[in-house]
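A.B. asks: To start, I am sharing the structure in question, which I have written as structure tokens.
The values are calculated or read from the model by the stated rules, or taken from the named source; none is laboratory data. If you're wondering where the values come from, they're calculated on a predicted model, not measured in any experiment. Every residue, glycine among them, receives a Cβ derived from its backbone with ideal geometry; neighbour counts consider all protein chains shown.
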């Protein structure tokens, strides 16, 4: 198994080898032995659970793999607070989701019983639904070979940036985001529960968030900071999913995984002209706290 961390430069420029060869060794020898929490037996709300076959749960394995990458990068950091920040900002944040006995990816498991949990299902997005044909999956470029006639000596400034991992956000959602997301889906009670809709793409609020998450994913994947992907999951992915999956008040609150119900956006009425500016008063609108009156500019253009 190949390590998920890259070697870096330590003090004096010497290469720093990873402490653990892969994320499984990292989990077994460092991470899991230091997680000491009370595990639920019967009551599941606001408690923790665990599964000894954590590696069989892809949402858990993905998080622990990125925790390993971030750990190795943190070891190479010269900042005195780096490890403290890693523990509170990465380990704690990930394990609040991993161990959530009520709604998390292990909610059906106990410390003694492994129960597989399917990831979120989805219906294929109709062709050209978002106005452009879906791009084909990006091909991995062939290994570059030195050409004595064209090789410029390895100038990094002339190298093209690598192609995105996913050609568009729909591929990202179907091939990475949803397969790595497994939660408890609400039955009757909706408060504090999660729900889902297989036709997620018909919910504008969901599609916009997923598109933004795709851009963040591609940036984190190529960031020089190797804690970026772990941070992306806990600071972007998790907050967005909490809003999207909120069964009580979120954009899918009328849906179930196999039952789509359209939910309109907030209604509005257009404010009357000069509502935010008093005629005859020279005080700029922005000084009144409302910001520029762009409606007036539009009227001039017309």
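A.B. asks: Mind listing whichever residues of region 42-94 are within 18 Å of residue 117 (Cβ to Cβ) and either in contact with a helix residue (DSSP H, G or I) (Cβ under 7 Å, 6 or more places away or on another chain) or not assigned by TED's automatic domain parsing to the domain that holds residue 29 (or both)?
C.D. replies: Result: 54, 55, 58, 59, 60, 61, 62, 63, 64, 94.
A.B. asks: Also: Modelled with pLDDT under 65, in a loop (DSSP other than H, G, I, E, B) and at negative phi: is that true of residue 292 in this structure? Talk me through it step by step, then tell me what you get.
C.D. replies: Numbers: modelled with pLDDT under 65: yes; in a loop (DSSP other than H, G, I, E, B): yes; at negative phi: yes.
Yes; evaluated as a whole, the condition is true for this residue.
A.B. asks: Going through region 65-80 one residue at a time, which ones are more than 12 Å from residue 229 (Cβ to Cβ) and surrounded by fewer than 23 Cβ atoms within 10 Å (Cβ to Cβ)?
C.D. replies: 74, 75, 76, 77, 78, 79, 80
A.B. asks: Looking at this structure, is residue 178 under 19 Å from residue 164 (Cα atoms) and either in contact (Cβ under 8 Å) with a residue 60 or more places away in the chain or surrounded by fewer than 20 Cβ atoms within 10 Å (Cβ to Cβ) (or both)? Walk me through how you get there before you give the answer.
C.D. replies: Details: under 19 Å from residue 164 (Cα atoms): yes; either in contact (Cβ under 8 Å) with a residue 60 or more places away in the chain or surrounded by fewer than 20 Cβ atoms within 10 Å (Cβ to Cβ) (or both): yes.
So residue 178 passes the test.
A.B. asks: Do we find that residue 24 is part of a helix (DSSP H, G or I), within 24 Å of the chain's Cα centre (by Cα) and either at pLDDT 90 or above or not assigned by TED's automatic domain parsing to the domain that holds residue 95 (or both) in this structure? Talk me through it step by step, then tell me what you get.
C.D. replies: Numbers: part of a helix (DSSP H, G or I): yes; within 24 Å of the chain's Cα centre (by Cα): yes; either at pLDDT 90 or above or not assigned by TED's automatic domain parsing to the domain that holds residue 95 (or both): yes.
So residue 24 passes the test.
A.B. asks: Just a yes or no: is a residue in region 107-118 assigned by TED's automatic domain parsing to the domain that holds residue 44, within 21 Å of the chain's Cα centre (by Cα) and closer than 30 Å to residue 17 by Cβ?
C.D. replies: No, there is no match, as no residue in region 107-118 is assigned by TED's automatic domain parsing to the domain that holds residue 44, within 21 Å of the chain's Cα centre (by Cα) and closer than 30 Å to residue 17 by Cβ.
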